[in-house]
1. Restricting attention to region 181-214, report how many residues are part of a loop (DSSP other than H, G, I, E, B) and within 20 Å of ASN96 (Cβ to Cβ).
2. Given VAL111, VAL92, which one is surrounded by fewer than 19 Cβ atoms within 10 Å (Cβ to Cβ), in a loop (DSSP other than H, G, I, E, B) and in contact (Cβ under 8 Å) with a residue 60 or more places away in the chain?
3. Going by what's in this entry, would ALA186 be described as more than 18 Å from SER104 (Cα to Cα) and crowded, with 22+ Cβ neighbours inside 10 Å?
4. Find the residue count for region 147-180, including only residues that are in a loop (DSSP other than H, G, I, E, B) and farther than 28 Å from ASP91 by Cα.
5. Kindly establish whether GLU123 is out of contact with any strand residue (DSSP E or B) (no Cβ under 9 Å at 6 or more places or on another chain) and in contact (Cβ under 8 Å) with a residue 40 or more places away in the chain.
6. Restricting to region 117-146, what's the tally of residues that are assigned to a strand (DSSP E or B), crowded, with 16+ Cβ neighbours inside 10 Å and among the polar types (S, T, N, Q)?
Amino acid sequence: MTKTTFFRFWLLLTLGITTTVFTSCEKETTDEEEKGKDNETILSTDEWAIINGVKWSKFNVDAPGTFTANIEDAGMFYQWNRTKGWVATGDVTDWNNSTPTGDSWEIDNNVCPEGWRIPTKDEMQSLKDSDNKWTYINDVKGRVFGKGDNTIFLPAAAARIDYGQLFDEGGGNYWSSTQSDSDSHAHSLRFDPFRVNVNSNYRNYGLSIRCVAE
């Protein structure tokens, strides 16, 4: 093999390796972009989404009358038909263990910001029946509901039970405004990595709140 032929052989080999490297890198970037498409939709600047005809806020309730700063923030827990917010982490004191009364979540006790309210059981059922999947947003676990440009993320913020202790730290629990057949229970949405249910909880439990438009 002459020097000229040898040089041409190594030049072509080098160019082939370089092309393969660049092609591989380009495909890896594309794959990462595909992985982030869902989160880009969820993290859009819209403050609400319409799912099965219901307008849902993209944020949990924080202090009474306010939303959280970020869609993945847990916000505060509330006992059914009461206005006192309880922090979602750590221990709490002065827990009110009595059973809240009422036939529904009263307007005077609405902890949602102006123009928003607690969803009904039927609206929770409608959300459950929408497309949904378990995912993580900024390392916070939870479930996405809806599809396309109309999606909301509900963080799995756990709950407080009995005397205020944290419980169900692998799941999400959200109140509806609708009482159940028992005076001690009210309907709520509950989910984990494997299932979504609309069931009932003791009214003196502290759950998350996700509002719908009035």
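1. Number of matching residues: 7.
2. Numbers: VAL111 fails: surrounded by fewer than 19 Cβ atoms within 10 Å (Cβ to Cβ).
Only one candidate qualifies: VAL92.
3. On the way: more than 18 Å from SER104 (Cα to Cα): no; crowded, with 22+ Cβ neighbours inside 10 Å: yes.
No.
4. 3
5. When the stated conditions are applied, GLU123 does not pass them.
6. Of the residues in that region, 1 qualify.
Throughout, read-outs are computed from the coordinates displayed, never taken from laboratory work. Computed from a prediction, not measured in an experiment: that's the story for all the values here. Methodologically, a virtual Cβ is constructed for each residue, glycine included, from the backbone with ideal geometry; neighbour enumeration extends over all protein chains shown.
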